[in-house]
Amino acid sequence: MSARLLPLVALVLFASAVVQADDKLRFDRDIRPILSDKCYFCHGPDNEHREADLRLDIEEFAKADSIVPGDVEASELVRRILSDDPDEIMPPPGAHKEMTQEEIELLKRWIREGADWSQHWSFVAPSGKVQLGEPEPWVRNPIDSMVLARLKAEEKTPRGEASREKLIRRLSFDLTGLPPTLEEIDAFVADESEDAYEKLVDRLLGSSHYGERMAVMWMDAARYGDTSVYHADGPRDMWAWRDAIVRAYNDNMPFDQFSILQLAGDLIPDAPLEQKILAGFNRNNGTTDEGGAIAEEYRVEYAVDRVKTTSTVWMGLTMECAQCHDHKYDPITQEEYYKFFAFASRHHCSH
């Protein structure tokens, strides 16, 4: 979240859903959806519904019991899918999950290719660097190179560069949330220097409005509000935390330091007031002052809210499912949820 970084551009380049004949199958893209739809209810993460003590959602168990990489004939999974015996065939007829011929062929081909397993991309740490193609005249940064590579793969050509008027409007709205003035547009259009664009970027990043613009996204993620949510939804004073977020962006605070202060700025020994204020992240949850409300009930409610928000912001996972049971798709157990809950609950009590 370094305040000098441009807002993250969402460049989601979707892989083709159609598997070409010369492409190697990918577990996450091609195989997991089949197993999830047809097999996981009885042979997945749910202890209550699991049959025959067989799991097909974890590689070591699946390959120990049902899948022999490289050998379709020796793989029990394929034998059971192709069986004519109604007592053996999988999925069982009563499940109404019959596999299509295309799905069966994909499973067989995947096994022949070695049955490579993979986690969801979000749980795989990045490694190495993307190999960029030959530089092109219009390429200014690595993102441009990746976009260009995909355009070439799709046999498309990039459009020409936007006009100066459009560029300054896009940058101004992206970095400050405000339109440029007529004077600013005229100055940028008239600037014939080679680094005119770079100077514009620096000027906007140096604006106090940059921090305001960027803070909006963080405030949304942290569920900021100037009212208390529950009961009468009365007013409360959270503006000091809001202003501290704006200052953090404009001061170019490193994200690791920012994260520590958001979560525990008030617990750092001899912390100055600004650091304590930044810990207001933990105080954005809804609160109640209703007469007769059960204090313990709402203490738990606040902690649940904090677990959900904190995990969503830093992990990209809500963890909500694990409040009641081991998560069925993400690697979060109920025990891990309540360890997290214990930290959230203790932080609340410390106030």
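Do we have any residue at all in the stretch 104-116 that's under 24 Å from the mean Cα position of the chain (by Cα) and assigned to a helix (DSSP H, G or I)?
No, the conditions are met nowhere in the stretch 104-116.
Taking the stretch 188-215, which residues are over 30 Å from W241 (Cβ atoms), open to solvent by less than 60 Å² (accessible area, probe 1.4 Å) and not charged (D, E, K, R)? Before you say what the answer is, go through the steps one by one.
Going residue by residue through the stretch 188-215, those that are over 30 Å from W241 (Cβ atoms) are 188-200.
Those left that are additionally open to solvent by less than 60 Å² (accessible area, probe 1.4 Å): 188, 191, 193, 196, 200.
Matches in the stretch 188-215: F188, S193, A196, L200.
Select from the stretch 161-181 the residues that are assigned to a helix (DSSP H, G or I) and of a type in the set (V, I, T) and list them in ascending order.
Passing the criteria: I168, T176.
Can you name the residue in the stretch 123-182 that is within 17 Å of L205 (Cβ to Cβ), in contact with a helix residue (DSSP H, G or I) (Cβ under 8 Å, 6 or more places away or on another chain) and polar (S, T, N, Q) and is also surrounded by the fewest Cβ atoms within 10 Å (Cβ to Cβ) among such residues?
Here the residue is T176.
Of the residues that sit in the stretch 128-155 and are among the hydrophobic types (A, V, I, L, M, F, W, C) and not in a loop (DSSP other than H, G, I, E, B), which one is nearest to E198 (Cα to Cα)?
Taking the candidates together, the pick is I143.
Read through the list (1) surrounded by 15 or more Cβ atoms within 10 Å (Cβ to Cβ); (2) assigned to a loop (DSSP other than H, G, I, E, B), then give the number of the only condition that K24 fails.
It is condition (1) that K24 fails.
Out of the residues in the stretch 275-294 that are more than 29 Å from the chain's Cα centre (by Cα) and farther than 15 Å from S228 by Cα, state the one that is modelled with the lowest pLDDT. Quick ask: steps written out before the conclusion?
Our first condition is that a residue be more than 29 Å from the chain's Cα centre (by Cα); within the stretch 275-294, this holds for 288-294.
Now restrict to residues that are farther than 15 Å from S228 by Cα: 292, 294.
On the way: G292: 90, I294: 93.
Residue satisfying both the conditions and the ranking: G292.
Specify which of the listed residues (E184, E212, E194) is on the phi < 0 side of the Ramachandran plot and assigned to a loop (DSSP other than H, G, I, E, B).
E194
Would you check if A293 is assigned to a loop (DSSP other than H, G, I, E, B), under 23 Å from Q323 (Cα atoms) and either open to solvent by less than 30 Å² (accessible area, probe 1.4 Å) or not charged (D, E, K, R) (or both)?
yes
Consider only pairs whose beta carbons are under 9 Å apart and that are at least six residues apart or on different chains; among these, list those whose first residue lies in the stretch 114-138 and is without any contact (Cβ under 8 Å) to a residue 40 or more places away in the chain and among the charged types (D, E, K, R) and whose second residue is open to solvent by 100 Å² or more (accessible area, probe 1.4 Å) and outside any helix (DSSP H, G or I).
Matching pairs, first to second residue: none at all.
Under 8 Å between Cβ atoms, which residue pairs at least 6 apart in sequence (or on different chains) link something in the stretch 216-241 that is free of Cβ contacts under 8 Å to residues at least 24 places away in the same chain with a partner that is among the hydroxyl-bearing types (S, T, Y) and assigned to a loop (DSSP other than H, G, I, E, B)?
That search, which allows pairs on different chains as well, returns P235/S228.
Just checking, how many residues over the stretch 264-279 are in a helix (DSSP H, G or I) and open to solvent by less than 60 Å² (accessible area, probe 1.4 Å)? Can you show your working first?
Filtering the stretch 264-279 down to residues in a helix (DSSP H, G or I) leaves 264-267, 273-279.
Going one step further and asking which of them are open to solvent by less than 60 Å² (accessible area, probe 1.4 Å), we end up with 264-266, 275, 277-279.
Residues that pass the stated criteria total 7.
Looking for something farther than 21 Å from T333 by Cβ, open to solvent by less than 70 Å² (accessible area, probe 1.4 Å) and either of a type in the set (S, T, Y) or not in a loop (DSSP other than H, G, I, E, B) (or both) - is there at least one such residue anywhere in the stretch 44-62?
no
Do you know which of the residues in the stretch 318-345 that are closer than 21 Å to A295 by Cα and open to solvent by less than 50 Å² (accessible area, probe 1.4 Å) is modelled with the highest pLDDT? Please lay out each step first, then the result.
Within the stretch 318-345, the subset closer than 21 Å to A295 by Cα is 323, 338, 340-345.
Next cut, open to solvent by less than 50 Å² (accessible area, probe 1.4 Å) only: 341, 344-345.
Working: F341: 93, A344: 80, S345: 77.
Top of the filtered list is F341.
Would you be able to say whether some residue in the stretch 86-105 is open to solvent by 100 Å² or more (accessible area, probe 1.4 Å), in contact with a Pro (Cβ under 8 Å, 6 or more places away or on another chain) and not small (G, A, S)? Break it down into steps so the answer makes sense when it comes.
Looking only at the stretch 86-105, we keep the residues that are open to solvent by 100 Å² or more (accessible area, probe 1.4 Å), and these are 87, 96, 98, 101-102.
Going one step further and asking which of them are in contact with a Pro (Cβ under 8 Å, 6 or more places away or on another chain), we end up with 98.
Applying the additional criterion that residues be not small (G, A, S) yields 98.
Checking the stretch 86-105: at least one residue is open to solvent by 100 Å² or more (accessible area, probe 1.4 Å), in contact with a Pro (Cβ under 8 Å, 6 or more places away or on another chain) and not small (G, A, S).
If I filter the stretch 54-64 for residues that are modelled with pLDDT under 90, within 26 Å of the chain's Cα centre (by Cα) and among the β-branched types (V, I, T), do I get at least one hit?
Within the stretch 54-64, one or more residues are modelled with pLDDT under 90, within 26 Å of the chain's Cα centre (by Cα) and among the β-branched types (V, I, T).
Which of the residues that make up the stretch 118-151 are touching a Gly at 6+ places or on another chain (Cβ under 8 Å) and over 30 Å from L317 (Cβ atoms)?
S145, L148, A149
If D256 passes every condition in (1) closer than 15 Å to N282 by Cβ; (2) exposed (fewer than 15 other Cβ atoms within 10 Å of the Cβ) but one, which one does it miss?
(1)
Kindly establish whether V300 is more than 20 Å from A240 (Cβ to Cβ), touching a residue at least 12 places away in the same chain (Cβ under 8 Å), buried (at least 16 other Cβ atoms within 10 Å of the Cβ) and not polar (S, T, N, Q).
Answer is no for this residue.
The values are calculated or read from the model by the stated rules, or taken from the named source; none is laboratory data. Because the structure is a prediction, the values reported are computed rather than measured. Glycine gets a Cβ as well: all are built from the backbone with ideal geometry, and neighbour counts include every protein chain shown. When the accessible area is computed, the model is the full protein with side chains, heavy atoms only, and any ligands, DNA or RNA have been set aside. Shrake-Rupley method; radii C 1.70, N 1.55, O 1.52, S 1.80 Å.
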